[in-house]
1. Of all residues in the stretch 87-139, how many are in a loop (DSSP other than H, G, I, E, B), farther than 24 Å from V151 by Cβ and more than 18 Å from the chain's Cα centre (by Cα)?
2. May I ask you to list the residues in the stretch 38-50 that are open to solvent by less than 70 Å² (accessible area, probe 1.4 Å) and free of Cβ contacts under 8 Å to residues at least 12 places away in the same chain?
3. In the set E173, E215, which member is within 16 Å of the chain's Cα centre (by Cα), within 21 Å of N95 (Cα to Cα) and of a type in the set (D, E)?
4. If you check every pair at least six apart or on different chains, which have Cβ atoms under 9 Å apart with a residue in the stretch 183-201 that is more than 26 Å from Y68 (Cα to Cα) and open to solvent by less than 100 Å² (accessible area, probe 1.4 Å) first and a residue that is not hydrophobic (A, V, I, L, M, F, W, C) and not in a strand (DSSP E or B) second?
5. Looking only at the stretch 18-37, which residues are closer than 30 Å to E215 by Cβ, more than 20 Å from the chain's Cα centre (by Cα) and either surrounded by 15 or more Cβ atoms within 10 Å (Cβ to Cβ) or modelled with pLDDT under 90 (or both)?
6. Among the residues of the stretch 54-81 satisfying the criterion of being of a type in the set (A, V, I, L, M) and assigned to a loop (DSSP other than H, G, I, E, B), which is most open to solvent (accessible area, probe 1.4 Å)?
7. Only one of these conditions is not met by V198: (1) farther than 25 Å from A55 by Cβ; (2) among the hydrophobic types (A, V, I, L, M, F, W, C); (3) not in a loop (DSSP other than H, G, I, E, B). Which number is it?
8. In the stretch 128-156, what residues are under 15 Å from G89 (Cα atoms) and open to solvent by 50 Å² or more (accessible area, probe 1.4 Å)?
Amino acid sequence: EQAAEGDDLTYGEVVIDSHTAAVKTFGGYSELTRQALERSSSAYLDHVLRAQAIAAGKAVNGFIRDEYLAEHALQVTATNTVAIPATPGYSDWLNAAIDAQVKFQAQGLSLDALIVDKATFKSLLTVESADGRPVFLVTGAGSNNVGSLSVRGLSGDLASIPVIMDAGLASDEIAFVNSGALRFYGSAVARLQDENIVNLSKQFSVYMFGAVAHEIPSAIVPVIVD
């Protein structure tokens, strides 16, 4: 606030440091004979190209997960974690979410999601109220639920906070996150092809470049199981 007309405004300065992130190359190739390409009764090449695209996506996903896990471990500090008991009830999850939201508000950030491992996702399905009623809606209309979970989508929400399950995480790899914590910089997937006239084969390859920048590390708030 400007206390009086003519007073200097509050001075603010953003200091930007220069850091680097390793750029990784992801790619693979397949070799097909001309006989397979020209005489196959099915869309053989189409299946191969789709398989390459799926493999590329899995490789990039694993790369981003490794970067997330590395930063998650660094953020397990006394000031940047929230806790739940070994067998949490729905109120424990809500209290943890509130504690995490306070930490995000202190940084001027929003709480975007709760990321959980498979075991934790399964445990959420078993959380019950005092009368034995599941508090996470799985199907139907429900009553007095604190969230919902989709088994098919391996996702859901906790009091309007998106819940995302990653089956590649180890047990108790849980965290409230803001999407600005890590940023993935990636190129478009490129496809190359060449032909070998000596053995009548053809090669098809895909590749891309990618890097993960740890831009706001404290935007990962790990959940510790007491």
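The values are calculated or read from the model by the stated rules, or taken from the named source; none is laboratory data. A quick note: this is a predicted structure, and the numbers were derived from the prediction, not measured. Neighbour counts run over all protein chains shown; Cβ positions are idealised from the backbone, glycine included. Surface accessibility is based on the protein's heavy atoms, side chains included, excluding ligands, DNA and RNA. Shrake-Rupley method; radii C 1.70, N 1.55, O 1.52, S 1.80 Å.
1. Selection size over the stretch 87-139: 3.
2. First, pick out the residues of the stretch 38-50 that are open to solvent by less than 70 Å² (accessible area, probe 1.4 Å): 40, 42-43, 45, 48-49.
Of everything in the stretch 38-50, those that are open to solvent by less than 70 Å² (accessible area, probe 1.4 Å) and free of Cβ contacts under 8 Å to residues at least 12 places away in the same chain turn out to be S40, S42, A43.
3. Numbers: E215 fails: within 21 Å of N95 (Cα to Cα).
Just one listed residue meets the conditions, E173.
4. Going by the 9 Å Cβ cut-off, the qualifying pairs are E195/R34; L200/R34; L200/Q35; S201/R34.
5. Once the filter is applied, which keeps residues that are closer than 30 Å to E215 by Cβ, more than 20 Å from the chain's Cα centre (by Cα) and either surrounded by 15 or more Cβ atoms within 10 Å (Cβ to Cβ) or modelled with pLDDT under 90 (or both), the stretch 18-37 yields S18, H19, T20, G27.
6. Within the stretch 54-81, the first condition is being of a type in the set (A, V, I, L, M), and the residues that meet it are 54-56, 59-60, 64, 69-70, 73-74, 76, 78.
Now drop any that are not assigned to a loop (DSSP other than H, G, I, E, B), which leaves 76, 78.
Working: V76: 73, A78: 103 Å².
Ranking the candidates gives A78 first.
7. V198 satisfies all of (1) farther than 25 Å from A55 by Cβ; (2) among the hydrophobic types (A, V, I, L, M, F, W, C); (3) not in a loop (DSSP other than H, G, I, E, B) except (3).
8. Answer for the stretch 128-156, where residues must be under 15 Å from G89 (Cα atoms) and open to solvent by 50 Å² or more (accessible area, probe 1.4 Å): E128, A130, D131, R133, P134, N144, N145.
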